[in-house]
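What follows is calculated from the coordinates using simple rules that are stated; it is not laboratory data. In this text the structure is predicted, and so the values were computed from the model without any measurement. Note that we place each Cβ from the backbone using ideal geometry, even for glycine, and neighbour counts take in every protein chain shown.
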C-alpha cells in the first residue's frame, strides 16, 4: 500500500501531454491554453480618455480651479481649427482617442458649462485643478507589443477570451481534450432497494456523476455505459476501448464488476502495466491504476459513492487537468471546527466538509458527524473537501486542515457572523 502522494506521483509520471489544436475564440470556453497569448499591439493602442468629460491641452502648466476656456463645437472642428493650439476644450467620451495635442481630460462633473460669450462661443469653467496626463490612459500603459497577457496552462472563461480578443487574437492554441471512457455500476449503493423505493431499478448514477465531473475539467467522454456483466465480458470490453486510443478509462467496481484480482488479471492479459492497487487513504483504499502499451491510463475505483466521489476528485480530476498542462491545485488552510469525524482513523481521509469564514476573517472547516460521508444531509450542508490526517486528534482550536473546493480551483466561502467555534 502506497501513500496518496506516491500514487499521484506515479500517475503523473506516466501522464503524457496531449496534442495541440487551433480553435476560434467562440468555442474556447473551458479549454486550456497550450501557448501563451501575447499582445499584438500596445494596450491601449493610442492615448485614450479614462472618463467622460472634456479633453484639453495643459502643456507644462497646470490649470487652476476657476480657469475658463472656450468649448469647441463640432462646427468649428470641421473648419480645420486645432483646439489644442487655440486653448479650447472639447467634449470626449470614455476610451475615445485623444486628439493631437490634447494631454488631459477634465471629468464631466468637474466642469461647468457657461452661457455663450458675445461671439456666440460656449465656455467651460474648471471646478478643480487639472494637470497634464490627468484621466488619460497612455498608449502602452497596460501592455507593450509582445507582452504576455495569458500564460500557457490558463483555463479559458468569458473574461479571458474577451481579453485575448482585445489584444488581437483571432484563434487560440489550446490543448486537445482528454478522451475518456466510463464503465460503471452503482449497485453497491442501491442494490436490493427496488422493492422498497418506487422507481429505483438499480439505476447507475455513478456513470452520470463521473461524466459530469470529467467534463468540468475539459475532458470529452467518448463512451459511458453500465457494466452489466463480468469475467470474459470485462476483458473483451477492455480490449475494445484499448483499441480506441483513449487517454483515460474509468471502471467502477461493484457487484457487477470483477473483483480486484480478476480485474488485474484481465489487465495483464492485455499487456497493461499495473502501477498500483492499494492506496493509504479512506474511503477508497482499493484503487487500481494501470497503463496500456499505447499510453492509455486505467482507473478501477470502488462503486461505493463516497469512495467513488473521493477517487474522482483526488485522482481522476487532477490527472485530467495535468494532461492539459494545468497548474497543480493549491488548497487553503482552515481551522477545524468541532466535532471531528471520524476520530482516530488510521488512514488519511478525504471528507466532504463545510468551509466558511468567520466575521474576524478566519477560515473554519467542519466535517459532518455521520457514518456516511455522502449521506443526504451531509451533501446538502457541505461545499468543500477536507483532507483529514492519519490518527486525527480530537478538536483543538489550533488544528488546521487542507481544504479543496468541490471542483478544482473553485471555493465558495460563505460568511457566518454569529457562530461560536468553542463547541
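Ordered by packing density, taken as the mean number of other Cβ atoms within 10 Å over each peptide's residues, highest first, how do 300-310, 59-69 rank? It would help to have the intermediate numbers written out before the result.
Values: 300-310: 23.4, 59-69: 12.9.
Ranking, from highest mean packing down: 300-310, 59-69.
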Tell me, 227, 12, 275 in order of fewest to most beta-carbon neighbours within 10 Å? 12, 275, 227
Once both label points are put 7 Å beyond Cα along the C-beta direction, the residue 162-residue 328 separation in nm becomes 3.4
So for segment 114-183, using the alpha carbon gyration tensor with a ≥ b ≥ c as root eigenvalues (a/c under 1.5 gives rounded; past that, a/b versus b/c decides prolate or oblate), I'd call it prolate
Sorted by Cβ neighbour density within 10 Å, fewest at the top, the residues 4, 54, 233: 233, 4, 54
So for R0 = 60 Å, FRET eff. of residue 109-residue 262 from the Cβ-Cβ r, to 0.05, ends up at 0.20
Rounded, prolate or oblate (a/c below 1.5 giving rounded, otherwise prolate when a/b exceeds b/c) for segment 283-326 by Cα gyration tensor: oblate
Stretch gain in nm, segment residue 17-residue 61, where the contour uses 0.36 nm per residue and the Cα spacing is subtracted: 10.0 nm
